[in-house]
1. Can you tell me which residue in segment A:495-528 is surrounded by the most Cβ atoms within 10 Å (Cβ to Cβ), limited to those that are over 20 Å from the mean Cα position of the chain (by Cα) and within 14 Å of another protein chain (Cβ to nearest Cβ)?
2. Could you check segment A:553-568 and list, in sequence order, the residues that are surrounded by 15 or more Cβ atoms within 10 Å (Cβ to Cβ) and either touching a helix residue (DSSP H, G or I) at 6+ places or on another chain (Cβ under 7 Å) or without any contact (Cβ under 8 Å) to a residue 40 or more places away in the chain (or both)?
3. When you scan segment A:71-83, do you find a residue that is more than 12 Å from chain B (Cβ to nearest Cβ) and under 30 Å from residue A:114 (Cα atoms), even just one?
4. With the checklist (1) more than 11 Å from chain B (Cβ to nearest Cβ); (2) surrounded by fewer than 23 Cβ atoms within 10 Å (Cβ to Cβ); (3) in a helix (DSSP H, G or I) in hand, flag the one item residue A:109 doesn't pass.
5. Could you list, in sequence order, the residues of segment A:27-60 that are touching a residue at least 40 places away in the same chain (Cβ under 8 Å), surrounded by 23 or more Cβ atoms within 10 Å (Cβ to Cβ) and over 19 Å from residue A:102 (Cβ atoms)?
6. Could you tell me which residue of segment A:229-263 is surrounded by the fewest Cβ atoms within 10 Å (Cβ to Cβ), considering only residues that are modelled with pLDDT under 90 and in a helix (DSSP H, G or I)?
7. So residue B:55 fits all but one of (1) assigned to a helix (DSSP H, G or I); (2) within 9 Å of chain A (Cβ to nearest Cβ); (3) under 24 Å from residue A:471 (Cα atoms); what number is the exception?
8. Can you give me the number of residues within segment A:27-44 that are more than 9 Å from chain B (Cβ to nearest Cβ) and within 30 Å of the chain's Cα centre (by Cα)?
């Protein structure tokens, strides 16, 4: 079975080489049959890599520890769900996932364009096949990257999955991010195809725009899930820590957002061609950089799950992409330059340009902050890093202005809007924003945080402007066809999915930014050291440590030490929180009690979520009081094991049993003789709206990406063709 | 391994055994570009109508823009007819 996977992995690069070669030869000879054959070769790569994935997943499910990847990242006690998702916690599995998703996306786009863009598709095929070749070859030739590498003899038990990854969000987060990165390869490949073939009109954009949007959706979901995981699992109290790998996923998302706006300008106005190809190259380069940062371990990150051997080749690929694309763009500058100019600042294209500059500015700031440790080391020899306050200081002003433009853009029409129309469109949202901001300033402490208050004002303006857009659209439809406002709303959204899907994304973004500003500017955070019965004050709340709790999960080899916290507000019960900390038997220290506390520990946050804000708490028991007990237990285990002798049968089982008895005794002692516990208790206003706003944005993007039925598109085209035919007759 | 490579080769080589046909002739890129431009202009005319209905464009602005877009579309249609 495993041999089948390896054979398919070996066959895949051959198919990639053929696909690229046949596509280029087909383009040169204008031979349709060769081009069709190259497309089929890409389908074949997809089929081969699908077999690889199925074989590897089967090995995980069967706990086949003769496969090194399975032995290193799973165990017989790993729950089935996590066995299925363990593949992408490893280097080889991640690379296989990358190549597999790439082959699926490439097959999909080549199938959809099989009868179109005949001049540029062969070059796009060659680029996509080249990328697939790189990743499949990397798996075969880079040290420790082969997902089918064998162990002989196979160990009886596997190491198990990293405890931090045993979270539902973590099971979906990596494939979402990788899919986001990989889908940017499609517009990139078509941009290169367009540049090489000099077919630089907007048709390549129309064929790949949906793939860019799918990439954006995947990345967005991945970023949200990562933030949710960080918030509920890492125990530091936040959802975004400007970690290098977090930033690596945000940068292509920002550039992708800019691209999705600016391609509309090219489609409608035949402008910004140089800018668009540059953005798409930047988005894909940053996607590769994201993969590089996760896999190279070059920057410190909570995501550095293991050393990697593929950093060098990935850096080489990034260099080839950047230098090759830049050379191609420069050589085509004359073809790319447009003749049109922006007619008025009060136009949608002008606002899109400003929004693009803001998004690229944000990306540059984040890029500088992320790579500052490497830059400082190169210049001064000392590696110093920039923390959250630095990122907040420079990104917040740009983000605040961006929120304003989220509201202004949808109000404006293309080309130009007269001053009278502009005032008519702006006055209601402006009035709503002023009233809402005054209310917030009066009723809350927001006046103490002017940047947050300004952001609230801009976000209120954006939300009101977007609501007015929906209202006006439904009104116009009712005036035309009658019926109820809700039905009219459904009608205009389904007829104009891209426009209203986009507006929904803007509304979700504005809501998310309100929540980000509120939760970061008005957070109350207190560290408390409590024993059972002790209380502490956190803002308006009184937190009492009621009792310690403990549990043991034999299957997962996990000890959980927890606490029950009673939270009161104004002497009334508010919440009962149950934070805990999980300790796992660590590899390399099997059969010892100390090993439980030297390995990876995870936090389970105690949280009460509500629309107004979250009461959030994480805990860390001070286990120093048990040092004597732990040392004594380990000495006894060593003594009994020593008495049994190194040749004793079932020695490992004996040690394991003794360790289990000692851990059970420790758990009991934690409840009967509790130690002080360090709690971090946060009151985070409006956090829940980050997830709600993110969900709304994703829903909006799904509306926008969903294609209108072909029949309806044709009907619309026929209507306008008939009107213009009448115009032609009149001319 | 050999079986897999043979299966892949057979699948990939299928189009090569086909005789060249009229449908293999490449599309006319100029025509494809004009068709794409025409569709884009139809969409813009439709968007402008929606913007007028919603009050984003005054009647005067819309008339000017609509005439401009129609003129461009007619030029594209004429080019397609040539």
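The values are calculated or read from the model by the stated rules, or taken from the named source; none is laboratory data. Note that the coordinates shown come from a computational prediction; the quantities given were computed from them, not determined experimentally. All Cβ positions, even for glycine, are placed from backbone atoms using ideal geometry, and neighbour counts span all protein chains on display.
1. It comes out as A:503.
2. A:559, A:561, A:564, A:566, A:568
3. no
4. It fails just one condition, (2).
5. A:27, A:35, A:59
6. Ranking the candidates gives A:232 first.
7. Failing condition for residue B:55: (1).
8. Count: 1.
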